[in-house]
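Here's the structure we're looking at; comments come further down.
The values are calculated or read from the model by the stated rules, or taken from the named source; none is laboratory data. Since we're looking at a predicted model, the values are computed, not measured. Here the Cβ positions follow ideal geometry from the backbone for every residue, glycine too, while neighbour counts run over all protein chains shown. Side chains are part of the model used for accessible areas, which takes the heavy atoms of the whole protein and leaves out ligands, DNA and RNA. Shrake-Rupley method; radii C 1.70, N 1.55, O 1.52, S 1.80 Å.
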Amino acid sequence: GYYLLLSRLIDQVLQEQWRCLLSSILMVGGLLSIFVRSIRLGLVSLVPNVMPMLTVLAVCGLLGERLNMGAAMIAAVSVGISIDGAVHLLFHYRKQKLKKGRRQRMAVQMAAVRTGVPVLLATLALVIGFGVLSLSEFVPTAIFGFLIAITMILGAVANLTFLPAMLTLVEKDSASNQQAMTSS
């Protein structure tokens, strides 16, 4: 009957969301790699953008919450929105490093300083916008609004803390590898 069809529809939507998430991660990772002209930096920048979404879904699972359509939709949507902060930080990092000739650590610091306030303000606007959805009487919409707002907060924190730290570590490794190769 009707409820069996609805149950199957929800199960199918959940399965499709995992495929959409994987597709969005691959596409965003590829585009970031092209943008920064480095597969390594492209993949590194994905970590702080996927981590918040996985954290929210893991907490939901630990609390015994069953994924409904609203919770399932946060995956691909949050990766697409959260990556904006990473793009801005990477853009300013490359600008500081390449055009201004700054050292790697200084370039990361300057990029974080230049993008911090805009990322926080954009996140605030998104959190307010999606947070309003949590007032909906339709449960999937309310859950989606609440979870995506939490994911956006975690994404901004990750982009402003983990991404600069990861850039410092990855770039330090590549710089020391290049030094070792040239001295040999």
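List of remarks:
- Boolean, SER45 is open to solvent by less than 20 Å² (accessible area, probe 1.4 Å), in contact with a helix residue (DSSP H, G or I) (Cβ under 9 Å, 6 or more places away or on another chain) and closer than 30 Å to VAL139 by Cα: no
- Residue in the range 141-148 that is within 18 Å of PRO48 (Cβ to Cβ), of a type in the set (Gly, Ala, Ser) and open to solvent by less than 50 Å² (accessible area, probe 1.4 Å) present: no
- Within the range 161-171, tally of residues that are open to solvent by 50 Å² or more (accessible area, probe 1.4 Å) and acidic (Asp, Glu): 0
- Scanning the range 69-107 for residues that are buried (at least 21 other Cβ atoms within 10 Å of the Cβ), over 17 Å from VAL47 (Cα atoms) and either within 17 Å of the chain's Cα centre (by Cα) or of a type in the set (A, V, I, L, M, F, W, C) (or both) gives ALA71, ALA72, MET73, ALA107.
- Residue in the range 50-60 that is more than 25 Å from SER134 (Cβ to Cβ), open to solvent by 40 Å² or more (accessible area, probe 1.4 Å), more than 12 Å from the chain's Cα centre (by Cα) and at pLDDT 85 or above present: no
- Residue match in the range 153-160 (condition: touching a helix residue (DSSP H, G or I) at 6+ places or on another chain (Cβ under 8 Å), surrounded by fewer than 21 Cβ atoms within 10 Å (Cβ to Cβ) and of a type in the set (Gly, Ala, Ser)): no
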